[in-house]
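Each remark here refers to the structure printed beneath this line.
All of the numbers you see were taken from the coordinates with simple rules; none came from a lab. Everything numeric here is computed off the predicted structure, so don't read it as measured data. Note: ideal-geometry Cβ built from the backbone for every residue, glycine included; neighbour counts use all protein chains shown.
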Amino acid sequence: MTIRKFTEDGVESFEAEIDGEKIQWDAGLSYARHLQTERLLSAQVPVSDKPDEMLFIIMHQTMELWLKLVLHEARLAAAAIKADDLDHALKTLDRIATIQRHMIHSWEVLATLTPHDFLTFRGFLRKASGFQSHQYRELEYLLGNKREDLLLVHTDDRAAHARLTAVLNAPSLYDELLRLLARRGFAIPASHLDRDWRRPYEPSDAVEDAWLTVYSAVETHWDLYALAEKITAIEYYFQEWRFKHMKTVARVIGQKMGTGGSSGVAYLVKALNLSFFPELWSMRTRMVAPREGPSYATPADGGVAG
Ligand code: HEM
């Protein structure tokens, strides 16, 4: 096979033909250099000699990579909302939801790890646990679950601690959404527009009323309605991820304590009641049928709709 050498844009380049296809590469940027595959693929370092540890490592690493992208996109979504650029916010939220669905589905791979498989190397993990994932905590803070006490876990990692502190002290995605509602003329209480952002979010009747107004006149508030539904989907998928994690953990370790020291499954079950955007959920109970047009609450036969 002959390789033709040439120079393009000042870069040494190569061309060959394989099976009638022209193949090109150059000495500048390659797949491996761009994607840093050497670094990426040398980052799987088992602490045991047990074959199933590789699955455990790669599952966590791929989740961390997706978390990195979700965080990146969530920051963009918050910035777009802050800049009243709802078109971009909607597109970004769609991408986040698609990644979340992929992450949820990927639990199926870890579910092939049986309790026996895990026990062969669990002891080697010592106190290491996903509980110490700073990206996961950052995402929770960014979305609005402000739990300052959990910062403690990251005391040893100064860079992570500083970044988490900054996100804790800043408005969350939901806070930005409420500021958007205020700019659009909704009566959002001052206490929800500027506050000590480190404190956990307190649901407000006035915020619930504002969302109810949006959902009661969707044609008038279409962009806010579309945005609210995308935001709701993010929490819906986040909870599904938590549920799949909890269920996978129950399948693998039963009711044993976690390596991070918590009660294990019982701790993970508690998180299923957390809500980032509480009024977007509570408002739904108060919704009634639209006043105009065919009513979906009173069917033609006079029966009562479910
Ligand atoms: C066999 C696999 C797994 C087991 C047995 C397991 C077990 C646990 C347990 C028991 C906890 C509670 C904290 C503790 O005491 O350790 C926990 C927390 C956590 N795990 Fe896993 N886990 C597994 C896989 C994963 C994977 C693949 C990820 C992906 C990043 C992950 C991310 C997390 C996170 C983020 C938390 C903290 C949740 C929170 O604070 O609400 N885990 N895990």
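In terms of the Cα gyration tensor, with a ≥ b ≥ c the square roots of its eigenvalues, is region 52-286 rounded because a/c is under 1.5, prolate because a/b exceeds b/c, or oblate?
Taking the square roots of the gyration eigenvalues as a ≥ b ≥ c, region 52-286 is prolate.
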Placing unit charges on C-beta atoms (Lys and Arg positive, Asp and Glu negative, everything else neutral), compute the dipole magnitude of region 92-167 about its Cα centre in debye, rounded to 20. 100
Once you list every other residue whose beta carbon is under 13 Å from the beta carbon of ARG284, what net charge do they have if Lys and Arg are +1 and Asp and Glu are -1? -3
Going down the list LYS22/LYS68; LYS50/LYS270; LYS146/LYS256; LYS68/LYS244, which pairs span over 30 Å between their C-alpha atoms? LYS22/LYS68; LYS50/LYS270
Calculate the dipole size of the chain relative to its Cα centre from +1 charges on Lys and Arg beta carbons and -1 charges on Asp and Glu beta carbons; express the result in debye to the nearest 20. 1100
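Using the Cα gyration tensor of region 42-118, with a ≥ b ≥ c the square roots of its eigenvalues, what is the shape: rounded (a/c below 1.5), prolate (a/b larger than b/c) or oblate (neither)?
It comes out prolate by the Cα gyration axes.
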Listed residues GLN100, LEU69, VAL265: farthest to the positive end of the dipole of the chain (Cβ charges): VAL265
Give me a comma-separated list of calculated 3J(HN,Hα) values for region 98-112, in order, Karplus coefficients 6.51, -1.76, 1.60 applied at θ = phi - 60°, integers in Hz, x for any Gly or Pro. 5, 5, 4, 4, 5, 4, 4, 5, 5, 4, 4, 5, 5, 5, 7
